[in-house]
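Pasting a structure here, questions to come.
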2 protein chains.
Amino acid sequence: MARAAYACAMRTILPALSALLLATTATAAVQPDKVATMRDAALKDDIAYDITEGLTTEVGQRLAGTEAEARARVWAARTLKSLGFANVRTETFDMPVWVRGAETAEVTAPFAQKLVLTALGNSGATPAAGIDAEVIGFASLDELRAAPAAQVANKIVFVTHDMKANQDGSGYGYFGAVRRNGPSVASAKGAAAILIKSIGTDHHRVPHTGVQNWTDGVKPIPAAALSVPDAEQLSRILSRGQKVTIHLTLTPRDTGIHQSGNVIAEVPGRDPRAPIILIGGHLDSWDLGTGAIDDAAGLAITTAAARRFLATGAKPLRTIRLVWFGAEEVGGFGGEAYAKAHANEKHELVAEADFGGDRVWRMQATLAPAAKATSDQLMELLAPLGVTPGRGAAHGGTDVEPTANAQGTAIVDLGQDGTRYFDLHHTADDTFDKIEKPQMQQAVAAWTAMLGVVANTETPLAPGAAAKPQ
Amino acid sequence: MARAAYACAMRTILPALSALLLATTATAAVQPDKVATMRDAALKDDIAYDITEGLTTEVGQRLAGTEAEARARVWAARTLKSLGFANVRTETFDMPVWVRGAETAEVTAPFAQKLVLTALGNSGATPAAGIDAEVIGFASLDELRAAPAAQVANKIVFVTHDMKANQDGSGYGYFGAVRRNGPSVASAKGAAAILIKSIGTDHHRVPHTGVQNWTDGVKPIPAAALSVPDAEQLSRILSRGQKVTIHLTLTPRDTGIHQSGNVIAEVPGRDPRAPIILIGGHLDSWDLGTGAIDDAAGLAITTAAARRFLATGAKPLRTIRLVWFGAEEVGGFGGEAYAKAHANEKHELVAEADFGGDRVWRMQATLAPAAKATSDQLMELLAPLGVTPGRGAAHGGTDVEPTANAQGTAIVDLGQDGTRYFDLHHTADDTFDKIEKPQMQQAVAAWTAMLGVVANTETPLAPGAAAKPQ
């Protein structure tokens, strides 16, 4: 009840008093000067850059459930131990594994030419010799939805869209529906196959893959993404008004159930009974690039930030648990497995880095009302890095959401600049050369500041926890 | 002799008088106001953009000597006729044709992963099942040249380099030696194959192909370019100091002698006896992209500029001959065939556009000394487009050089901005979406101004011609 009264006071107090409140309520645990020192040291720390270089070079692509991801787990555990983390262990789980096969396409009429594409996750297959069919084009998913089945049946559906790059990555949710839902809509109308314009914002011949799941009762059909230039080319060819035919070969296949796993490491807290601060990213990647921005960078940033505590010997109040999740890309299996395996451990706050290696520009948090002072303190420590407060709620990420949802934890989103993220996301171009060290170091500094605050405060942060009597 | 005396006077006269001289000597033929009007109209002309769109969409890639290039010639002749050009015809010639096969590579140890590469022109082949060999890396072609054969024999040679983007495209000549000469050097030392870092300045997984020719007596070996990110990856892998092995499959083949051709069109001059102004670009492209910047753009710019005369009815004094050359990429066969077929026709000046679709930033000319006033007049008409005079000699280009060399013609180089040219050159990324219309329109305006001057002056321009008595 004491906490609830405090929360009520916080909601009505003048903002000008918040700095004073910080000084009187939080400094017992959090020492802003020490956090600022740790934060600034992170700006000169190469560890995140080196982790990204190591994982992408010494493992490369690491599709979930494959031998490559297993090698990545060995690499991960060895690396986390060598960095000094405690309680490093791997927790495995089983999952279905789909793998890419041949993937080629050629316009056969009216203007013969090859197109560059890549299968979407869980795509059906053509026969090895491919299929030939007429193409029918749609300017949007809505247009496909509105089309009569008779118009679509036995044709290769092509759906384009108009996604543009935005700093906050918005656009992926909306335009991504073309990938997530387009294949099932096309299949339900009897299409022979579906080609989409890549859910991406670049202009390179590197198509963007990504997962899609068939809705109940719908037959899997071949489903692939054309690179953005190839999609624009197909739109131009269709614009001539002549009948367009394509020869399409896609031979992906399901390989059954295989093992994936989460690799876990910790910075033990001074109070072992305090609820856990859960952070991390995902270890698996799509198979086309080396998963540098998605998500070696996220692992590296969160790991480097947690390691600041080990480097300085400044043991946090709460245990920081770092997880390199498996099998995120193909359906979030790692996050689900973690939430299930650790349902009986209390988590205070979750945060995930899964949006590249560029700088943090925005902080958004979902915290207990009583934690306003903590949030303000965090913003004060982030502001010198150019971070601004956002007005929305925090969402976490695929890996930490199952835990957040199950336990009503606090969530902090350190939003990274996504302007170029969807130029690279899920393509062969997601490689180490895309990492800009100063941006990555700024992100590590932001994460360090965040951990310095949330792992050291005694203030309950979780909205679920705050509602309960203490 | 009168001309020679005039030239002598021009070399000694004060620069301040040159405008007056222009007014008294050149306006009989060249009317700067009319040229400026044509030039400015070109800034609003969509024809070059539309030609580029049409050729890249309706034909796509057009490797020399293939059925695709033959389709391109049909497209070219139809288009040039429909634009109103006179004397449109195709002149064919025979040439050897090499075509790409399978091309895959995989690091097998110490860090198993695929690499993206593409065969270089005239590459030898591996068996269909590929080869396995140890990799030996070199930081430069000089380092490879210095290596003992015993160190290189039976290995896969990897040569990297440090090319950077420059506005004038310099770097391609120097670093391009890795591609042009590296394969023969490696083969002479007994290498099993050679992989080079792409001769390019981008960071995408789209390798740069390009021609290379085996020196006499050297056995063709598999020769390919890794994309820039893959080459950097292989350098990082080699930097670990462990033995690196690669499984390489390249199955290109020679297909024998096939037909290519030049497509020729004209703007007839008022004086049919006056020597010809020869302009153009090349119709063939490499097979990976759709040849938008290399060289649909060059065809389009020169064609649109020549067409300004047809559009305005302003017949030039000298005939402008526009050639869309065949088979440039694979060895300059079209330019050689043209020079041979037209050796008995007198050419005054040659100019070629084969450096993308971006703006003209520099003019350099090789002219008879007596043509200084013409050159000054040209600069005055180019300056409003932001073009500056260069200090070097003009070189023309692969297609027009055989004619220039045989006849001692004048040459004008309208240097286009090459800052992003080698990001795209000879890759799958050379597609229509890379064309920026305002830049292309500026280039057409520069070419229009140039033609307006050189096709209308009575002044002999060719260094060879100026030396002869008139």
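Tell me, what is a quarter of the convex hull surface for the C-alpha atoms of the range B:357-466, in nm² with one decimal?
On the way: hull surface 29.7 nm².
With every direction weighted equally, the projected area is 7.4 nm².
Next question. What part of the accessible area of the range A:101-251, given as a whole %, is carbon or sulfur when the probe is 1.4 angstrom?
On the way: 2890 of 5520 Å².
Summing carbon and sulfur atoms, their accessible area is 52 percent of the total for the range A:101-251.
Name the residues of the range B:96-135 whose accessible area, probed at 1.4 Å, falls by at least 30 Å² once all protein chains are in place instead of their chain on its own?
B:111, B:112, B:113
Something else about it: Could you tell me the relative contact order of the range B:72-211? Use alpha-carbon pairs under 8 Å, at least six residues apart, and round to a whole percent.
Contact order relative to length: 22 percent.
Which value, in square angstrom to the nearest 100, describes the accessible area buried between chains B and A on both sides, using a 1.4 angstrom probe?
On the way: alone 18360 and 18320 Å², together 34350 Å².
Roughly 2300 Å² of accessible surface disappears when B and A pair.
Provide a whole-number value for the mean count of partner chain Cβ atoms within 10 Å of the Cβ atoms in peptide A:193-203.
Mean partner-chain Cβ count within 10 Å for A:193-203: 1.
One decimal, nm, shortest first: give the distances between the label point of residue B:406 and those of the same position in the other copies, each label point 7 Å from Cα along Cα→Cβ.
Residue B:406 label point versus its equivalents elsewhere: 8.0 nm.
Could I ask something else about it? Could you tell me the center-to-center distance, by alpha carbons, between the range A:203-270 and the range A:127-148 in angstrom?
Centre-to-centre (Cα) distance: 15 Å.
Say R0 is 22 Å: what FRET efficiency, to the nearest 0.05, do residue A:254 and residue A:131 get from their beta-carbon distance?
Approximately 0.70, to the nearest 0.05.
In A, who owns the beta-carbon nearest the axis carrying A over to B, and how many Å from it?
Its Cβ sits closest to the axis: A:204, 2.
A follow-up question, please. In whole Å, what is the distance between the alpha-carbon centres of the range B:294-331 and the range A:433-467?
61 Å
While we're on this one: Quick one: which residues, 5 or more positions from residue B:365 or on another chain, have an amide H under 5 Å from its amide H? H modelled 1.01 Å from N in the peptide plane, none for Pro or chain starts.
For residue B:365, whose amide H was placed from the backbone, the distant partners under 5 Å are B:394, B:413.
Taking K and R as +1 and D and E as -1, what net charge do the other residues with C-beta under 14 Å from the C-beta of residue B:269 add up to?
Summing Lys and Arg as +1 and Asp and Glu as -1 gives +1.
Which three lengths, in whole Å and largest first, does the protein assembly as shown cover when its Cα atoms are put on their principal axes?
That works out to 108, 68, 63 Å along the principal axes.
Would you mind giving the mean number of other chain beta-carbons within 10 Å of the Cβ of each residue in A:428-434, as a whole number? Write out the running numbers ahead of the final one.
On the way: counts 8, 7, 2, 10, 5, 8, 3.
Going residue by residue through A:428-434 and averaging, the value is 6.
Could you give the accessible area per residue of the protein assembly as shown, probe 1.4 Å, as a whole number in Å²?
Per-residue accessible area for the protein assembly as shown comes out at 37 Å².
From the label point of residue A:71, set 7 Å along Cα to the beta carbon, how far off in nm is each other copy's matching point, shortest first?
Computed spacing set for this position: 4.0 nm.
Is it possible to state the helix-based mean residue ellipticity at 222 nm for the protein assembly as shown, with each DSSP H run of 4+ residues giving -39500 (n - 2.57), the sum divided by total residues, to the nearest 500 deg cm²/dmol? What is it?
Rounded to the nearest 500, the figure is -10500 deg cm²/dmol.
Let me ask something else. Work out which GluC sites (Glu not before Pro) in chain A are exposed loop sites (DSSP not H, G, I, E or B, at most 16 other Cβ within 10 Å) and give the longest gap free of them.
A:1-344
What is the sum of charges around residue A:290, taking Lys and Arg as +1, Asp and Glu as -1, for the other residues whose C-beta is under 9 Å from the C-beta of residue A:290?
0
Here is a follow-up. Quick one: label points 7 angstrom along Cα→Cβ at residue A:310, distances to the other copies in nm, smallest first?
7.2
Measure up A:44/B:243; B:164/B:197; A:81/A:315 against 24 Å on the Cα-Cα distance and list the ones that go over.
Pairs exceeding the cut-off: A:44/B:243.
The values are calculated or read from the model by the stated rules, or taken from the named source; none is laboratory data. These numbers come from a predicted model, not from an experiment. Don't worry about glycine lacking a Cβ; one is built from the backbone with ideal geometry, like all the others, and counts go over all protein chains shown. For the accessible areas, the whole protein counts, side chains as well, though only heavy atoms, and no ligand, DNA or RNA atoms are used. Shrake-Rupley method; radii C 1.70, N 1.55, O 1.52, S 1.80 Å.
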